[in-house]
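Novice: Structure below; questions to follow.
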Amino acid sequence: MEHEYIVQSGTKEERYSNLLPQLAAIIEGEHDTIANMANISACLHETFRFWWTGFYRVIGSELVLGPFQGPMACTRIHYGRGVCGTAWKRGETIIVPDVNLFPGHIACSSASRSEIVIPLRHEDEIWGVLDIDSERLNNFDHVDRVWLERIAALLCGSGCGIQ
Ligand code: SME
């Protein structure tokens, strides 16, 4: 596979707008959700050189670690716990500019300074989250939110949950 989809220069908007159609093309040709989560985490991670980029899936009352790029992470997160469990409970994207100021933040890695979590929704049900950590404080803003929500919606378009 060619790797022209990885553009590590330009503005954040340029990089996301380059990446989105390419991820859409990859996902369109593949119905397996785990495979698509794996490629999305790889492409995002390589494009933006985040600290940790990955997915958790809702299984019962917990989020369970799914495909990711970066260091080893916590495997299970309860509903309402940490940034991930809170995003699941609230049903909305959460941007944390400084993880040390988020009550209940779960520190899988002490290097993580800021974080964004996007719920993955199918119809009205949340079936997982996309979680991204940065080593830099205040790394995520509305631009990340908008583009990552678009990327999350692509995944749902391929058939949500596990097939
Ligand atoms: N910090 C997250 C836990 C997951 S790791 O960052 C990969 C949280 O508070 O939910």
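Novice: Short version: ³J(HN,Hα) in whole Hz for each residue of the stretch 109-125, in order, from phi by Karplus 6.51 cos²θ - 1.76 cosθ + 1.60 (θ = phi - 60°), x for Gly and Pro, what are they?
Specialist: 9, 6, 7, 6, 10, 9, 7, 9, 10, 10, x, 9, 10, 10, 6, 9, 9
Novice: Using a 1.4 Å probe, what is the accessible area per residue for the chain, in Å²?
Specialist: Spelled out: the 1.4 Å probe surface of the chain, per residue, equals 50 Å².
Novice: For the stretch 86-163, state which GluC sites (Glu not before Pro) are in a DSSP loop and have at most 11 other beta carbons lying within 10 Å of their beta carbon.
Specialist: E123
Novice: At 1.4 Å probe size, with the rest of the protein present, what percent of the exposed accessible area of the stretch 70-163 is carbon and sulfur atoms?
Specialist: Of the solvent-accessible surface of the stretch 70-163, carbon and sulfur hold 48 percent.
Novice: With labels modelled as points extended 7 Å from the Cα through the Cβ direction, what inter-label distance (nm, one decimal) is found for M72 paired with R49?
Specialist: For the pair M72/R49, the computed spacing is 2.6 nm.
Novice: Can you show me the helix-derived [θ] at 222 nm for the chain, built from DSSP H runs with n ≥ 4 at -39,500 (n - 2.57) apiece and divided by the number of residues, rounded to the nearest 500.
Specialist: -11500 deg cm²/dmol
Novice: Give, in nm to one decimal, the length gained when the segment between E123 and E62 is fully stretched (0.36 nm per residue of separation minus the Cα-Cα distance).
Specialist: 20.0 nm
Novice: Further question: With a 1.4 Å probe and all protein chains in place, put M37, M72 in order of accessible area, largest first.
Specialist: M72, M37
Novice: Based only on Cα atoms, what Rg/Rh ratio does the chain have, Rh being taken as Kirkwood's radius?
Specialist: With Rg and the Kirkwood Rh in hand, the quotient comes to 0.93.
Novice: Which Rg and Dmax, in Å, describe the Cα atoms of the stretch 1-81?
Specialist: Looking at the stretch 1-81, its Cα Rg and Dmax stand at 14.1, 41 Å.
The values are calculated or read from the model by the stated rules, or taken from the named source; none is laboratory data. Just so we're clear, the structure is a prediction, and the values are computed from it rather than from any experiment. Glycine gets a Cβ as well: all are built from the backbone with ideal geometry, and neighbour counts include every protein chain shown. Note: areas computed on protein heavy atoms with side chains; ligands, DNA, RNA excluded. Shrake-Rupley method; radii C 1.70, N 1.55, O 1.52, S 1.80 Å.
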